[in-house]
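> Encoded as structure tokens, here's the structure I'll be asking about.
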Amino acid sequence: MEPIAEKRFRATPKRKQEARKKGQVLKSQELTSAVVLLALVGVLKFWLPQIFTKTAELFRYLVTMRVEWNISYVWKVALDVSWQFLFILGPIFLAAIVVAIAINFLQVGSMFSVESIMPKASRINPVEGIKRMFGPKALVQLAKSLIKVFIIGYFLYNIIRDNLNIFPALQEITVGQSVVILGNILFGLAWKIALAFLVLSLADFLYQWWEYEKNLRMSHDEIKEEYKQTEGDPQIRAQIKKRQRAMAMRRMMEDLKQADVVITNPTHFAVALKYNLSKRPAPYVVAKGQNEIALRIRAIAQENNIVIMENKALARALYSQVELGQAVPAGLYKAVAEVLAFVYKLNKRKHYYSA
């Protein structure tokens, strides 16, 4: 294992994908908690009057109800109370669940990994446990907790200081008025704490991003090894390409034996043409080459009694414009037709004299 100092290259997409499969993703739990807290404060701000109203109705119902001690009646009362509690607390829990799922999805996306919850020996190793307790992550968590305590204490002190003259006056007003005043004070405190926690969570998100990138950094050897795994060993790929070229060359030389004519430049280029009206409407290239390959094409053509014609311009044009297996383009039809006509005449004469 190489030291962290040597891992100075950013993680590749493949490395990040592998880490994601193991459950190692960029995520700030502080951001999730802060946004959920902010959402709960907002929901409570608008839902609290309904909570007071429904709670009062529930108490009136329980106080004024007619008591009948039988199973059906007790079951009915239990259902009514449960529905009331669900109506009172349901929006709060629903908001917390929806916001938590949404913020986690925005950070992580859709992911399912069981590897992060699989048992590992390092988790029950006392030495590793002590390292985690006093490691950098533990110190960061401690620092965040102390900052939170400081934030809560600071805003609580400010609220008490700013409203110190109000608290004694609460004795002279009704309970309902006192509840409204205290509620507004507490909501102001909650808003300030939630917003401060949100700012802290954004800083934590940046820290988590930095740590995530640092932990996934790769060394030069790791990048080379990954490249070999994805693209293949360069030497092996070179051998495969060499074999493929050799196979293509052998196949081309076999097809060359069926050619009608070889057009040369005279030694730099050689292009072999075949014309078979039952297969193709136009002549097509069965072999072509340059320099040494051109000389091999000439040699095989001579061995197989294939007509070799020197036409520098046509040979160069066919070599540069037509790939193996492709038909001759329309612009070269006339020149190729003249060559083939000459070849057919020459073959007829050979056939005549041999006969």
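> Taking ALA39, is it touching a Leu at 6+ places or on another chain (Cβ under 6 Å), assigned by TED's automatic domain parsing to the domain that holds LEU189 and either closer than 30 Å to LYS144 by Cα or at pLDDT 85 or above (or both)?
Working: touching a Leu at 6+ places or on another chain (Cβ under 6 Å): no; assigned by TED's automatic domain parsing to the domain that holds LEU189: yes; either closer than 30 Å to LYS144 by Cα or at pLDDT 85 or above (or both): yes.
In short, no.
> Moving to a separate point now. Looking at the range 161-210 only, could you name the residues that are touching a residue at least 40 places away in the same chain (Cβ under 8 Å) and under 30 Å from LYS7 (Cα atoms)?
Within the range 161-210, LEU200, SER201, LEU202, ASP204, PHE205, TYR207, GLN208, TRP209 meet the criteria.
> Quick check on LYS192: is it over 30 Å from GLN107 (Cβ atoms) and either assigned to a helix (DSSP H, G or I) or under 32 Å from the mean Cα position of the chain (by Cα) (or both)? Show your work before the answer.
On the way: over 30 Å from GLN107 (Cβ atoms): no; either assigned to a helix (DSSP H, G or I) or under 32 Å from the mean Cα position of the chain (by Cα) (or both): yes.
So LYS192 fails the test.
> Oh, and also: Considering (1) buried (at least 16 other Cβ atoms within 10 Å of the Cβ); (2) modelled with pLDDT of 85 or more, say which one ASN265 fails and leave the rest.
With (1) buried (at least 16 other Cβ atoms within 10 Å of the Cβ); (2) modelled with pLDDT of 85 or more applied to ASN265, the lone miss is (2).
> Continuing with the same structure: Given the residues VAL63, VAL77, which is the only one that is part of a helix (DSSP H, G or I), exposed (fewer than 14 other Cβ atoms within 10 Å of the Cβ), of a type outside the set (S, T, N, Q) and without any contact (Cβ under 8 Å) to a residue 24 or more places away in the chain? Before you say what the answer is, go through the steps one by one.
Working: VAL77 fails: exposed (fewer than 14 other Cβ atoms within 10 Å of the Cβ).
Just one listed residue meets the conditions, VAL63.
> Considering only the range 292-328, state which residues are within 51 Å of the chain's Cα centre (by Cα) and free of Cβ contacts under 8 Å to residues at least 24 places away in the same chain.
Selection gives GLU292, ALA317, SER320, GLN321.
> Just checking, does the range 270-280 include any residue being in contact with a Pro (Cβ under 8 Å, 6 or more places away or on another chain) and modelled with pLDDT of 85 or more? Break it down into steps so the answer makes sense when it comes.
Filtering the range 270-280 down to residues in contact with a Pro (Cβ under 8 Å, 6 or more places away or on another chain) leaves 273-275.
Next, from what is left, pick out any that are modelled with pLDDT of 85 or more: 273-274.
Checked the range 270-280: at least one residue is in contact with a Pro (Cβ under 8 Å, 6 or more places away or on another chain) and modelled with pLDDT of 85 or more.
> Name the residue, out of LYS137, LYS144, LYS76, LYS131, that is at pLDDT 75 or above, closer than 29 Å to LEU200 by Cβ, basic (Lys, Arg) and over 28 Å from the mean Cα position of the chain (by Cα). Even if it seems obvious, please write down each step before you answer.
Numbers: LYS137 fails: over 28 Å from the mean Cα position of the chain (by Cα); LYS76 fails: closer than 29 Å to LEU200 by Cβ; LYS131 fails: at pLDDT 75 or above.
Just a single option satisfies the conditions, and that option is LYS144.
> When only residues in the range 1-57 that are touching a Ser or Thr at 6+ places or on another chain (Cβ under 7 Å) and charged (D, E, K, R) count, which is nearest to GLU225 (Cα to Cα)?
My answer is LYS14.
The values are calculated or read from the model by the stated rules, or taken from the named source; none is laboratory data. Note that the coordinates shown come from a computational prediction; the quantities given were computed from them, not determined experimentally. Using ideal geometry, Cβ is built from the backbone for each residue, glycine included, and neighbour counts are taken over all protein chains shown.
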